[in-house]
Amino acid sequence: MHRDLRTVVRSAAAARLPFAAALAALLVVVLLGATGCSGGPNGSGGASATPRPSGSGASAEKVVDLRSRIAAFTGQLSADGGYRGPDLAQRRAVADGVRLTLDGELSSARKRLAAVGWTVRTLRDRNHGREFAELADEDAGVARKRGWGRVYVSLGGGRPRWTVQAPHPVADLHSERLAVDTLLSAPRGVLVLAGAHRDAGAGDGADVAHREDTVFDAVCDMLAGQGLPALQVHGFADDSLPGRDVVVSTGRGDAARRQAELLANALDLRGLTVCRAAREECGGLEGRTNVQGVRADALRVPFLHVEFSRSVRGGRESAEDAVGALGEVARSWTEGPAPDGPVPGASSAPVP
């Protein structure tokens, strides 16, 4: 730009232009340089964060590898890690924040979540181009101490229509990876991710699939109350059910019988050996006492409790097969009739 300035000045002098004309030419070059030298309005070659519409209340979008981002979070979890259970008001605040996000009210969600130290971040996955709201602790140190987890809500394309849940990240090794990849495989989903190893903290407080006093359960309870069906992903040791790769169960209820058969057939076609809990005993892996499944049954909302062997979760091709089958079920919910909104009777059973 400095060379351009010198050229203008010299040209003006050589042409014996009046001083005012020379000054005007100089100002034009300065103004062009202020917007053009850096390649973008923020001096970053045009690679700045993409602003969201102000009406959404969302902050600037951040482009990330969502799978790697979540793996970095769950990679810090361990059996001797921290966990501090939430009280009733805290559970309700997070559930309210997620509900507001479902409705596209990100500004209101952010205000509600601020009461418990959570926030909403907008992210775009660089590999799939999909946009998500990440609801999580604002402070990473606090997140590690209390272990409440995270929630990811699909943005764009309409209100979310289904959920995938990972209650035992790391403890059920790589189960969280299957859940994340399922979220990325189909539109309009919600991922509910526990934030502590199931053995963290005192007693069984962090075993969120079997407790009603967790952030994880409060969010899943609210989602079921909104009529959103769920895939809950677990893992079992190979020797717990020899000869089987997957257990497909509808948990306590049977509202997801059609989707259970769809999933089992999709897994069969991919070469995975399935135990169908509706027809046979599956080594106690049917998830009948799972509290999220119990709640879904009470509301007659489809719920699938899916257990994958360690070999499936740890294998590249088998894990892809698992996600492919889970994605078929998710897309059936996306493309099928929309939930009618809050389930009758849901409001009469508040977050415990």
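The values are calculated or read from the model by the stated rules, or taken from the named source; none is laboratory data. In this text, all values refer to a predicted model and were calculated from it rather than measured experimentally. Neighbour counts are summed over all protein chains in view; Cβ atoms, including those assigned to glycine, are modelled from backbone coordinates with ideal geometry. To get the accessible areas, we keep the full protein, side chains included, count just its heavy atoms, and leave off ligands, DNA and RNA. Shrake-Rupley method; radii C 1.70, N 1.55, O 1.52, S 1.80 Å.
The figure for HIS210 is an accessible area of roughly 80 square angstrom, using a 1.4 Å probe on the protein chains alone. The orientation-averaged shadow of the Cα convex hull for region 73-121, equal to a quarter of the hull surface, comes to 4.2 nm². A Förster radius of 25 Å combined with the Cβ-Cβ distance from HIS210 to GLU317 puts the calculated FRET efficiency at roughly 0.20. In order along region 119-125, phi translates into HN-Hα couplings of 8, 10, 10, 9, 10, 10, 6 Hz, rounded to whole numbers, per the Karplus curve 6.51 cos²θ - 1.76 cosθ + 1.60 with θ = phi - 60° and x for Gly and Pro. Stokes-Einstein, applied to the Kirkwood radius of region 52-185 over Cα pairs at a viscosity of 0.890 mPa s and 25 °C, places its translational diffusion at 160 µm² s⁻¹.
Placing R0 at 30 angstrom, the Cβ-Cβ distance between ALA89 and ASP238 gives a FRET efficiency of 0.10 after rounding to 0.05.
Positive-end ranking of VAL247, LEU262, GLY205 along the dipole of region 187-298, with charges on Cβ about the Cα centre, is headed by LEU262. Between the amide H of PHE303 and those of ALA230, ALA255, ALA256, distances stay under 5 Å, these residues lying 5 or more places away or on another chain, with hydrogens modeled in the peptide plane. Across region 298-310, coupling constants 3J(HN,Hα) worked out from phi with the 6.51/-1.76/1.60 Karplus curve, θ = phi - 60°, read 4, 9, 6, 9, x, 9, 10, 9, 10, 10, 10, 5, 4 Hz, and Gly and Pro carry x. Fully extending the segment from VAL294 to ASN265 would add 8.0 nm, taking 0.36 nm per residue of separation and subtracting the current Cα-Cα distance.
Give the separation of the Cα centroids, region 187-215 to region 116-150, in Å. Result: 15 Å between the Cα centres.
Which shape class, rounded, prolate or oblate, goes with region 189-296 when its Cα gyration tensor gives a ≥ b ≥ c as root eigenvalues, a/c under 1.5 marks rounded, and past that a/b bigger than b/c marks prolate? Since a/c reaches 1.5 but b/c is at least a/b, the shape of region 189-296 is classed as oblate. The ellipsoid equivalent to the alpha-carbon distribution of region 218-352 has semi-axes of 27, 16, 12 angstrom, derived from the gyration tensor eigenvalues as √(5λ) and listed largest first.
Per-residue packing, averaged as other Cβ atoms within 10 Å, sorts the ranges 68-81, 154-167 into the order 154-167, 68-81, beginning with the highest. Relative to the Cα centre, the charge distribution of region 145-219, modelled as +1 at Lys and Arg Cβ and -1 at Asp and Glu Cβ, gives a dipole magnitude of about 420 debye. When the alpha-carbon atoms of region 114-188 are used, the pair Rg, Dmax equals 13.2, 35 angstrom.
From the Cα gyration tensor of region 163-225, with a ≥ b ≥ c the square roots of its eigenvalues, which class applies: rounded if a/c is under 1.5, or else prolate if a/b is larger than b/c, or else oblate? Oblate is the answer for region 163-225, as a/c is 1.5 or above yet b/c matches or exceeds a/b. Placing a label point 7 Å from the Cα of LYS62 along the Cα-to-Cβ direction, the residues of region 74-100 with a backbone N closer than 17 Å are 74-76. The packing ranking of peptides 326-332, 216-222, 202-208, highest mean first, is 216-222, 326-332, 202-208, where packing means the average number of other beta carbon atoms within 10 angstrom of each residue. The Cα-based radius of gyration of region 201-261, divided by its Kirkwood radius, gives an Rg/Rh of 1.02. Note on SER332 and HIS128: with the Förster distance fixed at 22 Å, the Cβ-Cβ geometry gives a FRET efficiency of about 0.65.
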